[in-house]
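To keep things clear, I will list the structure first and then write my remarks on it.
The values are calculated or read from the model by the stated rules, or taken from the named source; none is laboratory data. Predicted model, so just to flag it, every value in this text is computed and none were measured. Cβ atoms come from the backbone with ideal geometry, glycine included; neighbour counts cover every protein chain shown.
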Amino acid sequence: MISVTDAISIAESELTFHYIRSAGPGGQNVNKVSTAAQLRFDAAGSPSLPEEVLRRLRGVVGKRMTAAGEVIITAQRFRSQERNRLDGIDRLVRLLRRAAEPPRLRKATRPKKAMMARRLADKARRGATKKSRSQVRGEAE
């Protein structure tokens, strides 16, 4: 089990890995060995994720989630397959943690009276400047 938060943990059997050739560091090793780990996690079909976390996860992961609700993460920072596998799991856990925390409620505020008066005075000054630049009637040739 991979612990995401106190309330959420996902089974390792929910993750599938495909190993592909990496574009990262490794010299000739990159051309020969499939070291990049492509992690796939079916978030939509996961019994571990509550509905609201899944909804927020769609916004957090963006293009990394397919239309079917599968999260795809490609990890290729390291030279070894195992380190890339662990890096992929770590990145998935961080994304799930971000989705698990509820957004802060916005506290409605109003602008101060002095600030509104200053803004209106600036608008009036700017309007007067523009008006003074306009053509005077009867002077057009």
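Observations
- Members of the range 69-80 found to be buried (at least 17 other Cβ atoms within 10 Å of the Cβ) and farther than 10 Å from LEU39 by Cα, listed by number: GLN76, PHE78
- A residue that is loosely packed, with under 14 Cβ neighbours inside 10 Å, over 16 Å from the mean Cα position of the chain (by Cα), in contact (Cβ under 8 Å) with a residue 24 or more places away in the chain and part of a helix (DSSP H, G or I) occurs nowhere in the range 105-127.
- Condition check for ALA100 on (1) at pLDDT below 85; (2) more than 14 Å from the chain's Cα centre (by Cα): one failure, at (2).
- Filter result for the condition that a residue is surrounded by fewer than 17 Cβ atoms within 10 Å (Cβ to Cβ), of a type in the set (A, V, I, L, M, F, W, C), closer than 19 Å to ALA36 by Cβ and modelled with pLDDT of 85 or more, over LEU95, LEU86: LEU86
- Candidates ILE2, ILE8, ILE73, filtered to the one that is among the β-branched types (Val, Ile, Thr), within 21 Å of ARG94 (Cβ to Cβ) and in contact with a Gly (Cβ under 9 Å, 6 or more places away or on another chain): ILE73
- For THR66, the conditions (1) β-branched (Val, Ile, Thr); (2) surrounded by 17 or more Cβ atoms within 10 Å (Cβ to Cβ); (3) under 21 Å from the mean Cα position of the chain (by Cα) are fulfilled apart from (2).
- Between LEU39, LEU49, the distinction of being modelled with pLDDT of 85 or more, more than 17 Å from the chain's Cα centre (by Cα) and among the aliphatic types (A, V, I, L, M) belongs to LEU39 only.
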